[in-house]
Each structure stands twice: as structure tokens, then as C-alpha cells.
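**Student:** Okay, handing you the structure first.
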Amino acid sequence: GSKAHKKEAEEEAEGQRAPMTAIVVVGATGNQGAAVLQHLFAYAQDKKEEGLKLYAVSRDVAGARAMQISTVFAGVQTLQADMENQESLRAAFSKPREDGAKEVRVFVVTTPCLMSGGMVIDPVKETIVGCAMVDALKEASVDHAVFSSVANCDKDNSPECVKSKKPIEDHLKKSGLSYTILRPVTMVEVWDRVHPITSGRVCGMVNGSVSMQWVSTMDVGAVAALSLLDPASRRGETIDLCGDVTTGDEVAQAVSKMRGGEKFTYGVAWVTRIVVWLFASLLFDERVRFPLEGGFKADTKPLEKISASYPACFKRQGPLTYARILLSGGMDKKRLPMSGGVGKALLQLVAGIAFVICACYYLLPSSVFEDLKRRWAFYGLCLLGAAGLLLQAMSKGRA
């Protein structure tokens with residue numbers, strides 16, 4: 001009798017400890033997923049939410065970034081699932097219920113860079129994978145889903161890798177699931193990694209006078225977290241997320257001001273732009289053609305309103321503008337890499353010419369390419385390349 005009573009008491013206590021609500025974050029090792037997890041964890045720690053259990057989904061749970069999750073976010077459980085495998089997603093979304101959760105909410109995000117280890121952009125495949133992910137959510141009877149789409153995916157002039165999100169949105173809306181759709185614009189942190197600011201120079205893919213809309217991944221993470229924590233507040237809504245509108249020239253001016261008057265100028269990364277034009281037409285469409293034709297036209301008011309009442313544990317109020325993001329990264333104090341001067345410019349020129357030569361080799365008839373090689377101009381370019389490498393080595397030596 002006493003043993004049976006003890007067992008019943010243990011089972012009752014275990015039932016009380018079982019999390020009432022579980023939140024699953026897909027892509028937890030990526031930019032957006034990590035930001036969502038960070039804000040959810042901060043909220044849970046601040047509010048001491050014992051009835052909230054967090055799960056992080058990763059393709060490779062044994063990878064370094066996935067292993068880091070359990071170190072940085074104590075108590076977060078990592079689940080293995082592949083975006084391209086619907087059954088693995090269904091299993092991951094069902095796991096919290098098996099663990100005793102009464103309600104399951106999921107953050108999902110898709111990417112057009114699914115093929116060849118993320119090196120090939122395929123919008124069509126993204127749509128297929130995204131719709132399958134929605135099916136997995138429904139099969140697992142998820143209570144609420146927050147989908148991070150992209151702004152203006154319903155506009156005709158949007159790039160293919162933007163429009164690929166719209167069929168996923170439509171599929172989610174028709175699924176019968178409770179949902180919130182977020183539509184962020186270009187993310188500052190992702191852009192900054194491609195075009196890092198160097199000493200005296202800010203660069204990008206378009207002219208410095210072109211106005212572009214920006215948002216921080218941290219604001220995307222914050223709004224997604226709030227939508228998961230309180231689904232009723234934004235159920236059935238599609239929300240634009242834009243935190244700043246600025247030009248490249250204005251960014252250069254802001255950096256100059258941050259660094260006490262140190263002169264910064266904006267310039268187009270022409271070599272990168274030419275290479276992308278030659279070998280990555282979809283990326284060129286997104287990063288060059290689209291901004292030049294006006295780019296995103298998202299509403300800035302939703303993020304202004306939501307961010308004005310962020311909880312104290314998020315440690316900020318208001319949207320993160322481009323300048324605030326740079327300042328938070330220590331732009332006013334940190335040492336910047338040298339822009340490279342003449343040596344780097346020559347090296348970039350040679351790199352661009354090399355790509356053109358390679359393109360000629362593959363695209364032109366062999367007889368035409370052989371004729372080009374016979375001309376002195378070809379060997380002149382080779383000498384220019386050697387000079388560029390020499391100047392680059394000399395500049396490193398002086399540094």
C-alpha cells in the first residue's frame with residue numbers, strides 16, 4: 001500500500017512538473033532562429049516560467065553550433081530534423097507532446113539556399129520544402145505557428161527568392177492552423193557580413209544614393225518570441241517588419257560621426273557586383289536590380305508600435321536602426337581592418353578580370369579564346385596581376 005501510494009505521488013509530481021507549453025524553434029543555429037531563441041530564453045529566465053519548455057531544431061545536433069545551444073541556453077532541448085525531410089519535422093514537432101506538453105507552438109523559417117550546402121539558390125525548392133513544413137505542422141497538431149516570410153512577397157516586381165515565400169504563406173493560411181506571419185525586409189547583420197565596414201570605407205552592391213529598408217534580426221527574433229508567447233495577440237495577422245530606411249551615403253556619414261569625425265565614404269563593390277551578375281543571376285536580381293527599382297516598400301509602423309512596449313528583459317525599446325546596430329557592435333571604438341588602398345583595388349581588379357577570362361573560356365568557342373591568348377593584352381593582364389599581388393604583400397608588410 002505504501003509503495004503504491006508513493007508511486008502515485010511521484011507520478012502526480014511528475015505530471016505537475018511537465019511543461020504546460022512548449023515552443024519549438026526551427027533553424028535555431030541560423031540568424032533568425034538564434035535571435036528567436038535568445039529572446040524566448042531571456043523571457044523565460046526573467047519571468048521564471050517553469051511551465052515553459054524550449055526546444056531547438058537543428059539538422060546536425062552533433063555540430064558545434066547545435067552543441068553550443070545547450071551551453072548558452074541551459075535547459076533548452078535540441079531536436080534533430082531536416083527541413084527537406086517532412087517526416088523528421090513531424091517527429092520533431094510531435095516530441096514536446098510526447099514529453100507532456102499541453103500546448104505546442106512553433107517558429108518556422110525557410111531559405112532558398114537549400115541545395116549544395118547552401119551554395120545554390122533555388123526558390124522553387126524553397127516553396128516545396130516550405131509547404132511540406134506546413135503539412136508537418138498540421139500532422140503534429142501544432143497549436144500555433146509563427147512563419148518568418150519576407151516583405152512584398154506578393155508584389156510582381158519582387159525577386160524570385162522573395163516571391164517564393166508567398167505560396168508558403170497561402171498554404172499556411174489554408175491549413176486551418178493558428179498562425180502569425182512576419183514579413184521582414186533586408187536584415188542588417190546578414191548584409192554587414194557580406195559587406196563589412198573597413199577603415200574609411202563603407203561599401204555595398206548599389207549606388208550610395210539608393211534608399212533601402214532595413215531590419216535587425218534581433219527585432220525579428222523579439223517580435224517572433226512575443227507572438228509565440230502570446231499567440232492570441234497576433235493570431236491571423238501578417239506583419240511587416242522594418243526598422244530603418246537609409247542610404248549607403250547616410251550610413252557612411254553616420255559611421256564618420258560615431259568615430260569622432262574619421263572620414264568614411266561609400267563605394268560600390270564593383271568586382272562583387274560584376275561577379276554576381278555573371279554567375280548568380282538570382283542573387284543579382286535580389287541585391288542589385290530590386291533595390292535599384294525601388295526595393296522593399298514595407299510598413300514601418302508595426303515594428304515601431306510593438307518595439308515601444310518590449311518587456312524589460314529584452315533590454316531595449318524601439319526598433320534597432322542601422323546606426324544602433326553598428327553602435328551595439330562597437331563601431332565607435334573597435335579597430336577596423338584596412339580597406340587595402342591601391343594594392344587591394346588592383347587585386348580586386350585582377351580577380352574580376354580572372355572571372356571574365358574564366359567565363360570567356362567556358363562560353364566562347366575554343367578558337368576565339370586561343371586567339372585572345374595570343375594577344376599581348378592577355379600577358380599584360382598577367383603582369384598586372386603579379387603587380388597587384390606584390391603591392392598587396394607590401395601593404396601587409398608595412399602593417
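**Student:** Between rounded, prolate and oblate, where does region 18-329 land on the alpha carbon gyration tensor, with a ≥ b ≥ c its root eigenvalues, rounded for a/c under 1.5, else prolate if a/b exceeds b/c?
**Tutor:** It comes out prolate by the Cα gyration axes.
**Student:** At a probe radius of 1.4 Å, what is the per-residue accessible area of residue 195, in Å² to the nearest 10?
**Tutor:** Spelled out: residue 195, probe radius 1.4 Å, area about 10 Å².
**Student:** Please report the spacing between the Cα centers of region 128-195 and region 45-116 in Å, no decimals.
**Tutor:** Centre-to-centre (Cα) distance: 18 Å.
**Student:** Protein chains only, probe 1.4 Å: how do 88, 141 rank by accessible area, largest first?
**Tutor:** I get 141, 88, largest accessible area first.
**Student:** Which residues does the label zone of residue 299 cover in region 212-245, counting backbone N under 12 Å from a point 7 Å along Cα→Cβ?
**Tutor:** 237-242
**Student:** Put 128, 168 in order of accessible area, largest first, 1.4 Å probe: what do you get?
**Tutor:** Order by accessible area, largest first: 128, 168.
**Student:** Please report, as a whole percent, how much of the solvent-accessible surface of region 18-329 comes from carbon and sulfur atoms (probe radius 1.4 Å).
**Tutor:** 52 percent
**Student:** Roughly what would the spin-label model give for residue 279 and residue 84, points 7 Å off Cα along C-beta, in nm?
**Tutor:** Those two pseudo-labels are separated by 2.1 nm.
**Student:** A further question on this structure: Given R₀ = 35 Å, FRET efficiency for residue 207-residue 103 by Cβ-Cβ distance, to 0.05?
**Tutor:** So the FRET efficiency works out to roughly 0.10.
**Student:** Also: Can you pull the accessible area of residue 338 for me, 1.4 Å probe, Å² to the nearest 10?
**Tutor:** Looks like 140 Å² after rounding.
**Student:** Name the residue farthest towards the positive end of the dipole of region 37-114 from the options 44, 112, 61, assuming +1 on Cβ of Lys and Arg, -1 on Cβ of Asp and Glu, about the Cα centre.
**Tutor:** Of the listed residues, the answer is 44.
The values are calculated or read from the model by the stated rules, or taken from the named source; none is laboratory data. On a predicted model such as this, the values are computed, not experimentally measured, just so you know. For neighbour counting, all protein chains shown are included, and Cβ atoms are generated from backbone atoms with ideal geometry for every residue, glycine included. Areas reflect the complete protein model, heavy atoms only, side chains present, ligands, DNA and RNA absent. Shrake-Rupley method; radii C 1.70, N 1.55, O 1.52, S 1.80 Å.
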